């Protein structure tokens, strides 16, 4: 876990200790332990070897430093400072021998370097020896040491929280979940990892590297695999166009399958090759060229990138929001999750830290924003977990922040580095890269527990056409939360490709479509109603050209029962009418109110006029000039359905808009 924690940094301390030739004082007594040998003052030859080890360590020659410090220990086995220096070198190298070496150093001098207890406890935690790690902290607690720096005190609290979480009953009370390799031929003797799923969950772009790559272009390349009707994944096929002699990795895919964002890193010899970059690793964007049947090489995203490190992007299904890992200090340093949004120009905004409770002072990486737009999976070692990196889930809150992360549990997480997780659109399966069962990375899958599943998502695909000519249109298609007004998804329907938009399988939404020169359309979508059934196949949305006298019903408008007061919830029809009129300043409208026949004709006429007036007030508040809106109350005089049924009366209670050019 190089770079994730404050430096062990014994070198300066050891140098001063050697010059002073004295022990640090014990604060409240000494932990009881059995010494194999008592601490010993070093002899002349041992001290000389130790000095040489320090010098080699300063000049970043760890193998030479280890050789010299071993010589010092051989000459004086109880040389405490030499044992601590050896532990430092082994920790820098990631050697499993660090644990026994640090235990020996602390056995000789339990209060010589109190932070050593914390590093040993962390080592035990990260190798899954949770009980042993807690025992180390218990020994540390006996010292009562108050010599920890503020940074090390934070590290102690972090390690303790992780160990206590890992040994708590709830950490192991999950029903056992079985992970298995993804079926089919997607895995090979090469490494397969960091993938991206299509919106229907049947296609995957994955990163592949290592031996056995007959089709490889560079060290890391993109391949695509598809799932057949029996659930097996096909042998991955090399993507054309985007792969270069440099490394490409960590792709993410928009829901329409037309845009891919990925990471490319500079190499010492060739830099970014055919691309232009800013830092050690940058984010790039490429689009699918259907006429050539390939992806472009990609262009730098610009604003989201810095002189630091950007990687592991995850784009929302509608292509409007991008979440990724960023470290201002460069590769292999702690990273946070940041986000930016697509601007009207087509570029991206400046990145901002992800709001809420996701980021910590440690490492957050590998985000996966589910197509539901409300569920984020990510890896972190900053939240209490089972070791080095665990996978967590966080939910989007009503205020736009991300809520308290929840650990996905031992079925997915271990004491190692767990990341590269994806979740199927229906929320049933998680896919992740692992070395389980082999000496290389393969893609495996595992069912998700209900409490960490996202909202199930289906796909609504189709096209927008001119209602008069039948010709396909370029149009904006937006899905909005009907309660909060927050945008769930936005895509562009093109004349050639149409659109594909994710539809969450629960909640109330408005489905809004608009195109320049045409009357917009707004429809309501709720679980179990028309919108859900529409997701089973392609739909055709017909928009009427703007013309004098065109009339349409203002959908998704809600009044208080029997009153003219608009409800405080999102008013999709009014909002879209306002934005449409701002985009078409030449248009004037007449807003007509209608009621059912319950009550007297005079009261119904008054209510219908008041409701039409409420719409005009709403439009004026949104910046529409008053002279562009006339109102008319028609009461119950023009029913469109039978007033003897509730369904008919509901249809008659409406607001209509007539275009007046």
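In the stretch 140-156, which residue that is more than 34 Å from the chain's Cα centre (by Cα), in a helix (DSSP H, G or I) and crowded, with 17+ Cβ neighbours inside 10 Å is modelled with the lowest pLDDT?
143
Anything in the stretch 260-277 that is surrounded by fewer than 17 Cβ atoms within 10 Å (Cβ to Cβ) and not in a strand (DSSP E or B)? List them, or say none.
Of the residues in the stretch 260-277, the ones surrounded by fewer than 17 Cβ atoms within 10 Å (Cβ to Cβ) are 267-271, 274, 276.
Within the stretch 260-277, 268, 269, 270, 274, 276 qualify.
Of the residues in the stretch 586-631, how many are touching a residue at least 40 places away in the same chain (Cβ under 8 Å), closer than 25 Å to residue 486 by Cα and surrounded by fewer than 17 Cβ atoms within 10 Å (Cβ to Cβ)?
2
For residue 642, state whether it is loosely packed, with under 15 Cβ neighbours inside 10 Å, in contact (Cβ under 8 Å) with a residue 60 or more places away in the chain and over 45 Å from the mean Cα position of the chain (by Cα).
Details: loosely packed, with under 15 Cβ neighbours inside 10 Å: yes; in contact (Cβ under 8 Å) with a residue 60 or more places away in the chain: no; over 45 Å from the mean Cα position of the chain (by Cα): yes.
No; evaluated as a whole, the condition is false for this residue.
In the set 170, 214, which member is under 30 Å from residue 294 (Cβ atoms), out of contact with any strand residue (DSSP E or B) (no Cβ under 7 Å at 6 or more places or on another chain) and either modelled with pLDDT under 85 or in a loop (DSSP other than H, G, I, E, B) (or both)?
214
Identify, from the list 96, 77, the residue that is outside any helix (DSSP H, G or I) and under 22 Å from residue 42 (Cα atoms).
On the way: 96 fails: under 22 Å from residue 42 (Cα atoms).
The unique qualifying residue is 77.
Would you pick out the residues in the stretch 386-400 that are over 16 Å from residue 449 (Cβ atoms) and either at pLDDT 95 or above or not in a loop (DSSP other than H, G, I, E, B) (or both)?
Here is the first cut: in the stretch 386-400, the residues over 16 Å from residue 449 (Cβ atoms) are 387-389, 396-400.
Within the stretch 386-400, 389, 396 meet the criteria.
In the stretch 401-411, how many are at pLDDT below 85 and either surrounded by 21 or more Cβ atoms within 10 Å (Cβ to Cβ) or under 23 Å from residue 353 (Cβ atoms) (or both)?
0
Among the residues of the stretch 334-354, is any in contact (Cβ under 8 Å) with a residue 60 or more places away in the chain, closer than 30 Å to residue 155 by Cβ and not in a strand (DSSP E or B)? Walk me through it before giving the result.
The first filter runs over the stretch 334-354 and keeps only residues in contact (Cβ under 8 Å) with a residue 60 or more places away in the chain, leaving 334.
Next, from what is left, pick out any that are closer than 30 Å to residue 155 by Cβ: 334.
Adding the requirement that they be not in a strand (DSSP E or B) leaves 334.
Scanning the stretch 334-354, I find at least one residue that is in contact (Cβ under 8 Å) with a residue 60 or more places away in the chain, closer than 30 Å to residue 155 by Cβ and not in a strand (DSSP E or B), so the answer is yes.
Residues are listed down the side, and each one gets a yes or a no for (1) assigned to a strand (DSSP E or B); (2) surrounded by fewer than 21 Cβ atoms within 10 Å (Cβ to Cβ):
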| site | (1), (2) |
| --- | --- |
| 303 | no, yes |
| 306 | no, yes |
| 314 | yes, no |
| 317 | no, no |
| 323 | yes, no |
| 331 | no, yes |
| 361 | no, yes |
| 371 | no, no |
| 384 | no, yes |
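Take the stretch 358-412 and flag every residue that is within 26 Å of residue 505 (Cα to Cα) and in contact with a helix residue (DSSP H, G or I) (Cβ under 7 Å, 6 or more places away or on another chain).
393, 406, 408
Modelled with pLDDT under 90, more than 26 Å from the chain's Cα centre (by Cα) and surrounded by fewer than 18 Cβ atoms within 10 Å (Cβ to Cβ): which single residue out of 290, 235 fits that description? First the steps, then the outcome.
Values: 235 fails: modelled with pLDDT under 90.
After applying the criteria, what remains is 290.
So which of 62, 38 ends up being modelled with pLDDT under 95, more than 24 Å from residue 122 (Cβ to Cβ) and in the same structural domain as residue 108 (by TED's automatic domain parsing)?
Working: 62 fails: more than 24 Å from residue 122 (Cβ to Cβ).
Only one candidate qualifies: 38.
When you check residue 93 against the structure, is it crowded, with 23+ Cβ neighbours inside 10 Å and in contact with a helix residue (DSSP H, G or I) (Cβ under 8 Å, 6 or more places away or on another chain), yes or no?
Working: crowded, with 23+ Cβ neighbours inside 10 Å: no; in contact with a helix residue (DSSP H, G or I) (Cβ under 8 Å, 6 or more places away or on another chain): yes.
No; evaluated as a whole, the condition is false for this residue.
Quick one: in the stretch 373-382, of everything that is part of a loop (DSSP other than H, G, I, E, B) and within 11 Å of the chain's Cα centre (by Cα), which residue is surrounded by the fewest Cβ atoms within 10 Å (Cβ to Cβ)? Step through it out loud before you land on a result.
Kept after step one, since they are part of a loop (DSSP other than H, G, I, E, B), are these residues of the stretch 373-382: 373-374, 381-382.
Narrowing the set further to residues that are within 11 Å of the chain's Cα centre (by Cα) leaves 373-374.
On the way: 373: 24, 374: 19.
By that ranking, first place goes to 374.
May I ask you to say which residue of 583, 578, 556 is within 44 Å of the chain's Cα centre (by Cα), exposed (fewer than 14 other Cβ atoms within 10 Å of the Cβ) and in the same structural domain as residue 650 (by TED's automatic domain parsing)? Can you show your working first?
Working: 578 fails: exposed (fewer than 14 other Cβ atoms within 10 Å of the Cβ); 556 fails: exposed (fewer than 14 other Cβ atoms within 10 Å of the Cβ).
Within the list 583, 578, 556, the selection yields 583.
The values are calculated or read from the model by the stated rules, or taken from the named source; none is laboratory data. Source: prediction; values computed, not measured. Don't worry about glycine lacking a Cβ; one is built from the backbone with ideal geometry, like all the others, and counts go over all protein chains shown.
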